[in-house]
Amino acid sequence: MMLEQDTGLSLAIAQIVQRLKGSSLHSQLERQARGSLHKPEIKLESLKEDIKEFLKTSGWEKRLQNAVYSELNVFPSPCHPAAPPEHMKEPLVYMRKAQGSWEKRILKSLNSMCTELSIPLARKRPIREQKELLNKWNEMGTDEPDLSLFRPVYAPKDFLEVLMNLRNPNYENGDQPSFKNHLGLIQVPLKVKDIPELRDYFSELGLNTGQLGIDDSTQVPPELFENEHVRVGQTVLTEQDSAAAQQYVRQGCPTALRAELWALILNISNQPEDILYYEQLKSNVIQHDLLVDSLIYKDVKLTASNDDYYFVFEDYLYQVLLCFSRDTSVLEHFSYNSATPPKSYIRGKLGVEEYAVFYPPNGVIPFHGFSMYVAPLCFLYHEPSKLYQIFREMYVRFFFRLHSISSHPSGIVSLCLLFETLLQTHLPQLFYHLREIGAQPLRISFKWMVRAFSGYLATDQLLLLWDRILGYNSLEILAVLAAAVFAFRAVNLMEVTSLAAAEAVLADLSTLKVMPLLQIFLFATVT
């Protein structure tokens with residue numbers, strides 16, 4: 001057993017070293033180490049130790065630690081050395097197949113729209129059009145292109161239908177009494193946490209621990225918790241330690257420190273080369289017009305532009321999402337994402353592999369509601385390149401899991417199953433009542449989870465929820481909150497007699513307070 005652990009550890013170290021070798025941090029460290037050779041305190045006889053000491057005292061060791069910590073958070077632990085790469089993407093074959101056929105459907109929808117509208121997937125903009133776009137880059141929201149013929153490639157409810165039809169072929173004829181009792185829409189056997197395990201996992205959210213979102217409310221004198229929490233937060237920022245920041249935000253972020261703390265956890269420092277990279281993406285948008293641009297425009301117009309909190313950020317959303325669609329560095333996350341980036345072929349060369357290109361260049365086709373992943377971040381970051389990097393990192397760490405089929409604990413399939421299991425176990429009467437009247441709870445809560453509650457909660461509450469996603473490096477809290485919302489409205493829901501009535505009871509979540517709901521559901525429920 002020890003030998004296996006050692007092998008796993010050395011594999012993980014080798015993987016991280018390999019990844020960091022190509023980074024700008026590596027070249028910066030080399031430059032600093034070379035520069036230090038001229039310093040009097042660096043002696044030839046103790047060269048290695050002296051350089052290590054120099055990197056430590058000058059803060060570079062901390063940056064390296066943060067980079068390693070970031071890699072550990074993002075990349076899955078390496079599998080067995082002999083395991084094929086698709087195992088890192090998704091270990092279960094039936095999940096991989098389901099994801100593959102779902103991708104075919106999305107591509108078919110995109111291609112048929114192309115054909116119907118006689119629009120190419122990509123074209124180079126004429127010079128005049130390039131100049132126009134450059135001039136109105138900061139006010140794209142004023143543009144009113146005719147998008148009536150464009151439709152979202154898919155909406156969350158289409159995706160839910162696919163998940164409802166997922167089956168593990170090995171269980172088809174087997175006798176699994178425990179799973180047969182699961183009366184929800186998701187019919188695949190995955191291991192999800194029960195309430196005691198969730199209590200243990202989210203222990204910092206317990207009733208005896210101070211929380212922003214509860215202890216900063218007006219009834220409690222702020223000096224009891226908030227002032228001390230702010231002081232600790234400032235220390236964490238001074239230390240520039242990603243791991244400490246991640247632990248700290250489990251109790252919530254003070255509003256004034258949130259932007260910096262999230263950037264520290266995500267290891268985003270907005271260096272000059274990052275700003276330059278963003279400008280390159282922008283020039284790519286200016287030069288080329290993609291079909292997905294119209295899908296992005298349409299999505300922003302249908303969602304964020306109609307939202308009381310987010311309509312003011314319309315221009316930011318266009319900038320970030322158009323640049324995101326061109327960013328080929330996003331392709332890296334497909335090594336641990338069950339999805340595969342779609343391919344297109346240069347005109348006239350269909351099926352010839354050397355003429356295949358990823359489309360869109362980042363491999364991600366936006367769906368209805370996609371822009372809501374960016375909107376809340378606009379409250380925290382007003383500098384476009386910083387906002388862009390934070391969103392990209394949030395996407396490749398978390399959000400991609402909400403629209404791809406996988407068995408990962410933070411994947412949407414597991415979240416749906418966790419939600420249904422929690423409701424069925426702890427509110428059985430409510431669960432059966434809703435099921436009997438044809439209002440399966442997941443049909444209502446699915447859209448909340450796919451969007452990570454963005455656009456449903458008030459923004460201050462949403463940011464407190466996302467604090468905990470970053471703090472625990474997990475999306476499981478979304479399923480817990482969804483179940484807690486049903487528990488909170490249980491009395492009203494027991495009286496409804498149709499899906500429409502149930503949806504009406506749960507139509508407005510903007511008055512809900514996230515932390516009390518989570519605490520009551522997790523720690524004040526008798527199990």
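The values are calculated or read from the model by the stated rules, or taken from the named source; none is laboratory data. From a predicted model like this one, the values you see are computed outputs, not experimental measurements. No Cβ is skipped: glycine too gets one built from the backbone with ideal geometry, and neighbour counts run over all protein chains shown. Calculation scope for accessible area: heavy atoms of the full protein, side chains included, ligands and nucleic acids excluded. Shrake-Rupley method; radii C 1.70, N 1.55, O 1.52, S 1.80 Å.
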Please count how many residues of segment 250-270 are closer than 21 Å to VAL330 by Cβ and open to solvent by less than 50 Å² (accessible area, probe 1.4 Å).
6
Every residue in segment 464-480 that is of a type outside the set (D, E, K, R), touching a Leu at 6+ places or on another chain (Cβ under 8 Å), open to solvent by less than 10 Å² (accessible area, probe 1.4 Å) and in contact (Cβ under 8 Å) with a residue 60 or more places away in the chain, please.
ILE469, LEU470, LEU475, ILE477, LEU478, ALA479, VAL480
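If you take the residues of segment 111-159 that are hydroxyl-bearing (Ser, Thr, Tyr) and part of a helix (DSSP H, G or I), which of them is nearest to ILE412 (Cα to Cα)? Steps first, please.
Restricting attention to segment 111-159, the residues satisfying the condition of being hydroxyl-bearing (Ser, Thr, Tyr) are 112, 115, 118, 142, 148, 154.
Okay, now just the ones that are also part of a helix (DSSP H, G or I), so 112, 115, 142.
Numbers: SER112: 27, THR115: 32, THR142: 35 Å.
Top of the filtered list is SER112.
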Exactly one of these conditions fails for PHE453: (1) modelled with pLDDT under 95; (2) open to solvent by less than 10 Å² (accessible area, probe 1.4 Å). Give me its number.
(1)
Hits in segment 390-422 - residues which are assigned to a helix (DSSP H, G or I) and open to solvent by 10 Å² or more (accessible area, probe 1.4 Å)
ARG392, GLU393, VAL396, ARG397, ARG401, HIS403, THR421
In segment 365-389, which residues are within 28 Å of SER101 (Cβ to Cβ) and open to solvent by 10 Å² or more (accessible area, probe 1.4 Å)?
ILE365, PRO366, HIS368
Being of a type in the set (D, E, K, R), at pLDDT 85 or above and either surrounded by fewer than 17 Cβ atoms within 10 Å (Cβ to Cβ) or farther than 17 Å from GLU139 by Cβ (or both), is that true of even one residue in segment 333-351?
no
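Can you tell me which residue among ARG489, ARG468 is of a type in the set (D, E, K, R) and over 20 Å from the mean Cα position of the chain (by Cα)? Let's see the steps before the verdict.
Values: ARG468 fails: over 20 Å from the mean Cα position of the chain (by Cα).
Every option except ARG489 fails the conditions.
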Among (1) part of a helix (DSSP H, G or I); (2) surrounded by 12 or more Cβ atoms within 10 Å (Cβ to Cβ); (3) at pLDDT below 70, where does GLU4 come up short?
(2)
Show the residue pairs that are 6+ apart or on different chains and have beta-carbon atoms under 7 Å apart, the first residue being within segment 486-514 and modelled with pLDDT of 95 or more, the second being exposed (fewer than 13 other Cβ atoms within 10 Å of the Cβ) and in a loop (DSSP other than H, G, I, E, B).
none
Based on this model, can you work out whether ASN138 counts as modelled with pLDDT of 90 or more, closer than 28 Å to ARG451 by Cα and open to solvent by 20 Å² or more (accessible area, probe 1.4 Å)?
no
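Here's the yes/no breakdown for (1) open to solvent by 30 Å² or more (accessible area, probe 1.4 Å); (2) modelled with pLDDT under 90:
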{"residue": "MET113", "(1), (2)": "no, yes"}
{"residue": "ARG123", "(1), (2)": "yes, yes"}
{"residue": "GLU129", "(1), (2)": "yes, no"}
{"residue": "LEU163", "(1), (2)": "no, no"}
{"residue": "ASN170", "(1), (2)": "yes, yes"}
{"residue": "LEU185", "(1), (2)": "no, yes"}
{"residue": "TYR201", "(1), (2)": "yes, no"}
{"residue": "GLN211", "(1), (2)": "no, yes"}
